[in-house]
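Nothing in this text is a laboratory measurement; each read-out follows from the coordinates by a stated rule. Not measured: the values here are computed from a predicted model. Here the Cβ is made from the backbone with ideal geometry for all residues, glycine too, and neighbour counts use every protein chain on show.
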Amino acid sequence: MKKICILGGLIALIVALSSCNGVNKLLKSNDYEAIYEEGVKRYESEDYTRALQLFDHVAPLIRGTAKAEQLAYYNAYCYYNLNENIMASYYFKRFAKDFPRSEFAEECAFMGAYCKYLESPKSSLDQTNTYEAITELQLFINLYPDSDRIEECNSLIDELRKKLEKKDFEIAQLYLKMEEYKAALTSLNNIIKKYPSTTYKEDVLYYVVIANYEFAKNSVADKQVERYQETLEASNRFLDIYPESQYLKHIEQMTGDARSMVE
């Protein structure tokens, strides 16, 4: 069995080296038609790395010809299939710009935005790519308002916005944990303004009461009455919306303490 595995590995290596030598030999030739056709062949057999090597070599020589559009299309999808999403996004958008009348222009415009969506990281990380993806998906909607892909774009935007919402919520929680109550209040109130229908609304309003309460408790004496009053306003707002909340007991305790300091 071991000998068979070794033999199989040697055969695979020989094939790979032969293939590589064949590509290198072709690249040294002046037969640009053959280079292009081999690139297409490699693309169709899912050998995207070799296809890119061949396409990159021949691209300057077929610029302005009928093959340029097809090569640009294959080129973008090579990067996409290699999970090189940033490069793929660039080449998809470039295709849509260079060939606006192509039957593939809309598809590539969408894929340029979609590749940015794929680069959006989990909520705990920097969300620059998430903001860019939302912008580019919205741009696609504006450019192609009748596209069959509009529903998918809106769904992707909703997903990305929920990620930003979660990120903002996690930041507010962190401020509370660090006992940075003023910063926590700013973050929490911004969540309500930015995401009025947030799925975290009950938790956010609950944390607003906590942040106001703790901010008042840790304030200098001449500021405490004013800030305990703000705690009462926050707790009344919470109770109006969630009179049977799971946080009711704690809210009532903070409300009682705040009221005793105000009266």
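Using C-alpha pairs under 8 Å with a sequence gap of at least 6, the mean separation divided by the residue count of the chain gives a relative contact order of 8 percent. For region 143-148, the Karplus equation 6.51 cos²θ - 1.76 cosθ + 1.60, evaluated at θ = phi - 60°, returns couplings of 7, 10, x, 9, 5, 5 Hz by residue, with Gly and Pro reported as x.
Here is how the number arises for the chain: DSSP H runs of 4 or more residues each give -39500 (n - 2.57), the sum is divided by the residue count, and the result at 222 nm is -27000 deg cm²/dmol.
Listed values for region 52-61 are Karplus-derived 3J(HN,Hα) couplings in whole Hz (6.51 cos²θ - 1.76 cosθ + 1.60, θ = phi - 60°), namely 4, 4, 5, 5, 4, 5, 8, 3, x, 8, and x replaces Gly and Pro. Couplings for region 69-76, taken from phi via the Karplus curve 6.51 cos²θ - 1.76 cosθ + 1.60 with θ = phi - 60°, read 5, 5, 4, 4, 5, 4, 4, 4 Hz in order; Gly and Pro are left as x. Seen through its C-alpha gyration tensor, with square-root eigenvalues sorted a ≥ b ≥ c, region 124-231 comes out prolate because a/c lies at 1.5 or above while a/b is bigger than b/c.
Could you name the lysines in cross-link range of LYS201, using Cα to Cα under 23 Å and dropping any fewer than eight places away on the same chain? Within the straight-line cut-off, LYS201 pairs with LYS122, LYS162, LYS163, LYS166, LYS167, LYS177, LYS182, LYS193, LYS249. If you take all other residues with their beta carbon under 12 Å from the beta carbon of TYR247, and give Lys and Arg +1 and Asp and Glu -1, the sum is -3. Using Cβ point charges alone (K and R +1, D and E -1), the dipole size of region 178-263 about the Cα centre works out to roughly 260 debye.
In this Cβ point-charge picture (+1 for Lys and Arg, -1 for Asp and Glu), the chain has a dipole of about 920 debye about its Cα centre.
In the chain, with Lys and Arg counted as +1 and Asp and Glu as -1 at Cβ, which of these residues, GLN253, ALA72, GLN127, has the Cα nearest the positive end of the dipole, that is, farthest along it? Result: ALA72.
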